[in-house]
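The values are calculated or read from the model by the stated rules, or taken from the named source; none is laboratory data. The structure presented is a predicted model; accordingly, all values stated were derived computationally and were not measured. Cβ placement follows ideal geometry from the backbone for every residue including glycine, while neighbour counts extend to all protein chains displayed.
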Amino acid sequence: MPTLIVTTLDGTEHRVEGVTGRPVMEIIRDNGFTDMLALCGGARSCATCHVYVGPDQLALLPDMSEDENELLDSSSHRKINSRLSCQIVFNGALDGLHVTIAPED
Amino acid sequence: MPRAYDVVIVGGGHGGAQAAALLRQSGFEGTVAIIGDEPEPPYERPPLSKEYLAGEKPFDRILLRPRVFWSDRGIELLTGTRVTAIDPLTRTVAANGDTIGYGHLIWAAGGQPRRLSCEGHALAGVLTVRTKADADAMKAAMDRVDAAVVVGGGYIGLEAAAVLSKFGKKVTVLEAQSRVLARVAGEPLSRFYEAEHRAHGVDIRLNAQLRRILGTDGSVSGAQLADGEVIPCQLVVVGIGILPSVAPLIAAGAAGTNGVDVDAYCRTSLPDVYAIGDCAAHVNMYMDGQRIRLESVQNANDQAATAVKAILGTPAPYTATPWFWSNQYDLRLQTLGLSTGHDDFVIRGDPATRSFSVIYFRGGRIVALDCVNATRDYVQGRKLVEAGATVDRARIADTTNALKDLLTAA
């Protein structure tokens with residue numbers, strides 16, 4: 001089973017099942033993590049599903065759209081490895097993807 | 001002995017669900033129950049008129065939390081249960097014949113869709129869009145519908161119209177006012193959306209008065225306008241706003257005329273009774289201190305946080321910046337602030353490019369932005385709205401100026 005590794009705000013690392021075809025945001029939400037708000041449900045209208053991706057894994061991900069880039073700019077916690085987890089659709093090639101939930105603004 | 005919980009939350013929508021989750025996230029160890037009148041666990045409402053209606057997302061993908069979340073966190077979910085009365089003296093609510101005690105009560109019951117009262121309003125095929133059941137009824141009707149009439153050109157009505165037209169239905173939107181989105185946006189945005197819907201084959205009728213709905217064998221067969229014209233249809237979607245569900249609160253003595261009045265901490269006038277979300281009439285700093293209700297996910301979530309903080313003894317007033325979104329066709333509208341009562345606006349960018357923003361002013365100050373396929377303006381305009389900035393019209397209309405650079409220059 002492909003794995004998604006999620007680090008929550010308290011620094012704890014969790015391993016959950018990665019579901020192919022599902023946005024990482026939904027996988028995080030569906031595993032009951034409350035640290036992430038994901039308010040707009042993936043409508044690309046907020047930045048409340050902000051995560052940091054394992055730096056060496058960034059290249060595995062699809063390029064960022066202009067919208068995602070702009071929305072991430074609304075966070076004062078943005079880093080070089082910031083992504084919106086609603087924009088990363090999980091698949092087998094992402095087995096072992098490690099995302100860290102970013103703090104809310 | 002009646003059942004009792006330290007916190008009873010009435011309403012399992014965005015606000016109620018978030019309040020319960022936040023209590024636990026904040027380390028609250030008392031007993032918590034959510035009482036909701038729908039049969040499902042809490043789910044997202046915005047997709048009901050968009051991705052869920054269109055069949056792009058199944059129901060489990062719009063659940064706000066996984067089904068096991070509630071029991072895992074020790075949150076009692078009383079679904080299919082309607083609170084009909086509150087007794088603030090004994091601190092109890094009456095629900096489905098039971099009496100349930102509360103330490104704190106969070107009223108997050110939202111509202112019921114306003115319904116038509118004209119002849120034919122009860123025919124099969126006259127539907128609203130508020131609940132999963134509503135959306136399911138519309139999906140079930142889809143196959144046998146060739147033509148649909150949408151009553152009300154607000155966001156819900158227009159989103160439903162977009163989905164129906166995508167499914168190849170002949171759609172007519174009846175708007176009683178002289179433009180769509182009249183209650184929530186400025187004229188340029190209204191005209192843009194009217195043109196977009198017309199380009200997709202939707203017949204937008206302005207200043208249109210519905211006289212009655214015609215039926216055959218108990219089902220909708222047409223909509224008749226005040227001038228006598230009959231528009232044949234098998235489905236009537238009613239999107240004319242909501243009536244806040246607050247009757248038990250008001251009957252118990254809570255203050256309120258449009259919804260229930262709350263203070264900056266979401267407290268009603270009843271002791272230890274809070275109200276949040278669509279039904280909570282609050283003084284909003286983005287409406288020049290006027291008392292308003294806001295029907296949005298943002299408001300439900302942020303007021304949930306306000307109520308929870310107050311209950312946990314760390315009160316902080318509600319000051320959140322309003323934001324909202326609406327997706328229709330390939331148009332992504334993002335809104336910041338509140339444009340109600342604006343006295344001036346500037347269009348930034350060319351609507352013909354289908355990427356532009358409308359910036360609204362009240363008394364010379366920027367109070368809101370409507371951004372169509374213009375996420376950069378939406379993100380960068382936030383500070384202008386939050387500051388109530390006074391920016392020169394020509395400078396803000398000039399798209400070569402980034403909005404983020406205009407605040408310091410103001």
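When the range B:375-397 is filtered for residues that are closer than 14 Å to residue B:346 by Cβ and touching a residue at least 40 places away in the same chain (Cβ under 8 Å), the ones remaining, listed by number, are B:381, B:385, B:393, B:396, B:397.
Residue A:74: within 14 Å of chain B (Cβ to nearest Cβ), among the hydroxyl-bearing types (Ser, Thr, Tyr), farther than 24 Å from residue B:300 by Cβ and surrounded by fewer than 21 Cβ atoms within 10 Å (Cβ to Cβ), yes or no? For residue A:74, the condition - within 14 Å of chain B (Cβ to nearest Cβ), among the hydroxyl-bearing types (Ser, Thr, Tyr), farther than 24 Å from residue B:300 by Cβ and surrounded by fewer than 21 Cβ atoms within 10 Å (Cβ to Cβ) - is not met.
Looking at the range A:8-29, which of its residues are surrounded by 20 or more Cβ atoms within 10 Å (Cβ to Cβ) and facing chain B (nearest Cβ under 10 Å)?
Across the range A:8-29, the qualifying residues are A:23, A:26, A:29.
In this structure, does residue B:122 turn out to be at pLDDT below 95 and outside the structural domain of residue B:36 (by the TED database)? Taking the combined requirement at face value, the residue does not satisfy it.
Of all residues in the range B:86-107 being closer than 24 Å to residue B:313 by Cα and under 27 Å from the mean Cα position of the chain (by Cα), which is surrounded by the most Cβ atoms within 10 Å (Cβ to Cβ)?
Selected residue: B:107.
Of all the residues in the range B:245-272, those that are surrounded by 20 or more Cβ atoms within 10 Å (Cβ to Cβ), in a helix (DSSP H, G or I) and β-branched (Val, Ile, Thr) number 0.
For the range B:267-277, the count of residues that are within 14 Å of chain A (Cβ to nearest Cβ), touching a strand residue (DSSP E or B) at 6+ places or on another chain (Cβ under 9 Å), on the phi > 0 side of the Ramachandran plot and at pLDDT 95 or above is at least one.
Of all residues in the range B:56-73, those being more than 8 Å from chain A (Cβ to nearest Cβ), touching a helix residue (DSSP H, G or I) at 6+ places or on another chain (Cβ under 7 Å) and not in a loop (DSSP other than H, G, I, E, B) number 1. Scanning the range A:77-93 for residues that are surrounded by 20 or more Cβ atoms within 10 Å (Cβ to Cβ) and among the aliphatic types (A, V, I, L, M) gives A:84, A:88. The lone criterion from (1) in a loop (DSSP other than H, G, I, E, B); (2) under 18 Å from residue B:14 (Cβ atoms); (3) away from chain A (no Cβ under 13 Å) left unmet by residue B:77 is number (1).
Every residue, every condition in (1) surrounded by fewer than 21 Cβ atoms within 10 Å (Cβ to Cβ); (2) under 19 Å from residue B:402 (Cα atoms), yes or no:
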| site | (1), (2) |
| --- | --- |
| B:332 | yes, no |
| B:337 | no, yes |
| B:341 | yes, no |
| B:354 | yes, yes |
| B:358 | no, yes |
| B:362 | yes, no |
| B:373 | yes, yes |
| B:384 | no, yes |
| B:388 | yes, yes |
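Looking across the range A:77-96, the residues that are more than 14 Å from chain B (Cβ to nearest Cβ) and in contact with a Ser or Thr (Cβ under 8 Å, 6 or more places away or on another chain) come down to A:91, A:92, A:95, A:96.
Mind telling me which of the residues B:320, B:310, B:304, B:300 ends up being surrounded by 16 or more Cβ atoms within 10 Å (Cβ to Cβ) and touching a Phe, Trp or Tyr at 6+ places or on another chain (Cβ under 7 Å)? Going through B:320, B:310, B:304, B:300 in turn, just one is surrounded by 16 or more Cβ atoms within 10 Å (Cβ to Cβ) and touching a Phe, Trp or Tyr at 6+ places or on another chain (Cβ under 7 Å): B:310.
Looking at B:48, B:53, just one residue is assigned to a loop (DSSP other than H, G, I, E, B), within 21 Å of the chain's Cα centre (by Cα) and either within 30 Å of residue B:162 (Cα to Cα) or at pLDDT 95 or above (or both), and that residue is B:53.
The helices (runs of 4 or more DSSP H) found entirely in the range B:127-209 that carry 3 or more residues being touching a residue at least 60 places away in the same chain (Cβ under 8 Å) and among the aliphatic types (A, V, I, L, M) are B:132-141, B:155-166. When residue B:92 is tested against the conditions (1) closer than 30 Å to residue A:37 by Cα; (2) of a type in the set (Val, Ile, Thr); (3) touching a residue at least 12 places away in the same chain (Cβ under 8 Å), the lone failure is (1).
Per-residue answers, yes or no, for (1) closer than 29 Å to residue A:41 by Cβ; (2) touching a helix residue (DSSP H, G or I) at 6+ places or on another chain (Cβ under 8 Å); (3) not in a loop (DSSP other than H, G, I, E, B):
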position: B:316; (1), (2), (3): yes, yes, no
position: B:326; (1), (2), (3): yes, yes, yes
position: B:334; (1), (2), (3): yes, yes, yes
position: B:342; (1), (2), (3): yes, no, no
position: B:352; (1), (2), (3): no, no, yes
position: B:386; (1), (2), (3): yes, no, yes
position: B:394; (1), (2), (3): no, no, yes
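Selection within the range A:30-41: residues that are more than 18 Å from residue B:299 (Cα to Cα) and not hydroxyl-bearing (Ser, Thr, Tyr). The member of this set that is farthest from the other protein chains (Cβ to nearest Cβ) is A:33. Criterion applied to B:183, B:144, B:198 was being closer than 24 Å to residue B:354 by Cα, surrounded by fewer than 23 Cβ atoms within 10 Å (Cβ to Cβ) and at pLDDT below 95, and the one residue passing it is B:183.
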